[in-house]
1. Just give me the residues in segment 134-178 being part of a helix (DSSP H, G or I), without any contact (Cβ under 8 Å) to a residue 24 or more places away in the chain and under 15 Å from Asp204 (Cβ atoms), in sequence order.
2. Taking segment 359-377 only, how many residues are surrounded by fewer than 24 Cβ atoms within 10 Å (Cβ to Cβ), in contact (Cβ under 8 Å) with a residue 60 or more places away in the chain and touching a helix residue (DSSP H, G or I) at 6+ places or on another chain (Cβ under 7 Å)?
3. Quickly run through segment 161-185 and pick out the residues that are touching a Gly at 6+ places or on another chain (Cβ under 8 Å) and either within 21 Å of Ala150 (Cβ to Cβ) or of a type outside the set (Val, Ile, Thr) (or both).
4. Just to be sure before I move on: is Arg275 closer than 30 Å to Ala214 by Cβ, touching a strand residue (DSSP E or B) at 6+ places or on another chain (Cβ under 8 Å) and buried (at least 20 other Cβ atoms within 10 Å of the Cβ) in the structure I sent?
5. Scan segment 338-389 for residues that are within 28 Å of Phe240 (Cα to Cα) and among the basic types (Lys, Arg) and report the count.
6. Any residue in segment 46-69 that is acidic (Asp, Glu) sitting within a Cβ distance under 8 Å of a residue that is part of a helix (DSSP H, G or I)? List the pairs, counting only those 6 or more apart or interchain.
7. Name the residue that is nearest to the chain's Cα centre (by Cα), counting only residues in segment 179-224 that are part of a helix (DSSP H, G or I) and within 18 Å of Ala237 (Cα to Cα).
8. Quick check on Ala335: is it out of contact with any Leu (no Cβ under 9 Å at 6 or more places or on another chain), part of a helix (DSSP H, G or I) and free of Cβ contacts under 8 Å to residues at least 12 places away in the same chain?
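The values are calculated or read from the model by the stated rules, or taken from the named source; none is laboratory data. Owing to the predicted nature of the structure, the values given are computational and were not obtained by experimental measurement. Virtual Cβ from ideal backbone geometry, glycine too; neighbours counted across all protein chains shown.
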Amino acid sequence: MDPDGREQEPAGRQDRGSAAETPLGTRAHRVLAELADLRRDDLPTRGGTTTAYVFDSGLGEVDAVALRAYELLAHVNGLDPTQFPSVARIENDLVAIVAGQLGGDDATVGTVTSGGTESCLLAVLGARELWRRRRSTGNPRIVVPATAHAAFFKAAHLFGLKVQTVPVDPDTLRADPEQMAAAIGPRTALVVVSAPSYAYGVVDPVEPIAAAAARWEVPCHVDACIGGWILPFLDDAPPFAFDIPGVTSVAVDLHKYGYVPKGVSVLLHRSAELRRLHWFTLAGWAGYPLVNPTLQSSRPVGPMASAWAVQKLLGIEDRGPGDGLPGFRSLAVSAHGAARRLAAGIDGTDGSPGIDGLHTVGAVDSTLVAFTDDGGPDDPDVRVVVDELAQRGWYLQVQPSMGTAPRARRVPMTAHASITGAAAGRIDELLAALREAADAARVHGRVEPDARLVEMARTIEPAELSEEQVEGLLRLAGVGDGVPAGLPTRMAPVHALVDAIPAPLAERLLTAVLSRQLTPPPP
């Protein structure tokens with residue numbers, strides 16, 4: 001017993017003081033200063049001006065609690081919850097919280113993963129294993145709308161499935177239920193829908209597609225990675241999760257609108273039997289018995305501890321005026337309203353003149369806004385608009401053009417913004433910067449890809465290119481030598497070229513660009 005009468009923790013189970021409580025010497029300060037200096041060229045992760053990759057609540061107390069919780073469990077290994085029972089408690093609590101908002105019941109189970117991609121990978125892996133049990137011949141397929149996330153193509157590549165891509169409705173950009181149903185067959189292992197799709201922010205019609213999958217006894221997975229912690233809190237959101245018959249799994253990322261450090265996602269299954277299909281267990285090797293619910297063995301617990309702490313801190317509903325912190329429902333409603341204000345300000349549906357030459361694409365079902373230019377010779381090129389916004393301190397993503405159906409019109413290149421809690425109060429600033437950027441882009445003129453490169457691209461076999469030839473093509477494309485300084489300040493010409501050449505060649509060039517950045521410079 002300690003002097004206060006509390007039972008002391010057994011020797012060997014005591015944790016030392018946190019890093020924050022440990023005095024740091026001069027050398028440690030130098031190391032941390034050097035690390036901070038490495039961040040000088042990074043996009044800002046706070047303030048809401050980076051509308052992709054990072055998600056900021058705008059609440060300092062949330063950040064502080066998330067980081068402190070991360071630190072408290074930073075050295076815990078999620079590999080073995082029997083030795084670290086806190087892992088099971090945290091994971092079970094997170095699964096229960098998320099399932100409770102997504103129509104789950106007593107049979108609903110889940111797994112905490114490292115992020116949306118791993119959740120999608122596991123959903124595909126489990127579906128493949130179920131398909132193999134039921135059928136022993138042929139190659140399994142996953143049926144996805146053309147707007148499905150890249151993670152499903154990655155999963156198919158890794159796990160040996162074919163991807164059957166179905167065109168989306170050319171007007172709404174939502175998955176077409178009739179075409180999705182027609183694509184399902186005896187080789188279909190999984191049907192995928194988005195809530196919402198990342199590119200255009202629209203929720204697919206989950207109910208009829210899940211019903212079509214159920215008729216074939218095929219699992220239906222809902223990718224709600226970016227919308228799953230927004231849609232449950234909106235009064236006008238369409239149903240998308242376990243309240244729909246036929247939905248067998250749903251993925252929700254808490255490191256997005258759960259506002260915690262990367263990476264933590266929750267993959268829910270309608271039953272434990274479905275979850276077990278993506279587990280890996282091995283007793284017949286020389287080491288310890290192994291049971292892995294995810295693709296990882298050693299699992300960092302810091303991110304899930306952050307998610308647990310912030311869920312407990314905020315809760316779903318506001319605690320009251322004296323608490324000072326909003327609940328997740330208020331945060332979701334605020335971000336959704338801000339996204340709608342941005343879209344209305346671009347289109348002029350809020351009574352303003354709008355932004356001449358630009359218009360939104362898709363719908364604002366959640367917190368994502370996509371817009372493009374009108375395509376005329378005097379209209380601002382949306383790729384240049386994004387470059388100009390970067391000059392004004394706002395970062396948006398450029399998205400490639402996309403065909404909606406055979407012989408149907410193409411969706412042109414778009415700009416994408418994910419609006420967060422921190423950005424919700426800055427929409428007027430963003431619209432002002434966007435108007436300036438559009439005016440500057442109009443003066444700059446439209447960007448066209450290099451005609452020589454586009455013509456040359458038609459005759460190139462990417463797999464046969466040597467590293468020297470790839471470097472030559474990058475120089476022709478305006479991406480000069482250097483690691484990593486070869487990236488141009490303005491990316492509009494690069495985006496134009498990538499969109500104009502065949503996808504396999506574009507992928508080869510993009511791989512080379514990233515390889516440069518991940519190759520140490522010569523001494």
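1. Of everything in segment 134-178, just one residue is part of a helix (DSSP H, G or I), without any contact (Cβ under 8 Å) to a residue 24 or more places away in the chain and under 15 Å from Asp204 (Cβ atoms), namely Glu178.
2. 1
3. Hits for segment 161-185 are Pro167, Leu173.
4. yes
5. Residues meeting the conditions: 2.
6. Matching pairs, first to second residue: Asp56/Gly421; Asp56/Ala422; Asp56/Ala423; Glu61/Leu313.
7. Val206
8. Details: out of contact with any Leu (no Cβ under 9 Å at 6 or more places or on another chain): yes; part of a helix (DSSP H, G or I): yes; free of Cβ contacts under 8 Å to residues at least 12 places away in the same chain: no.
No, not satisfied.
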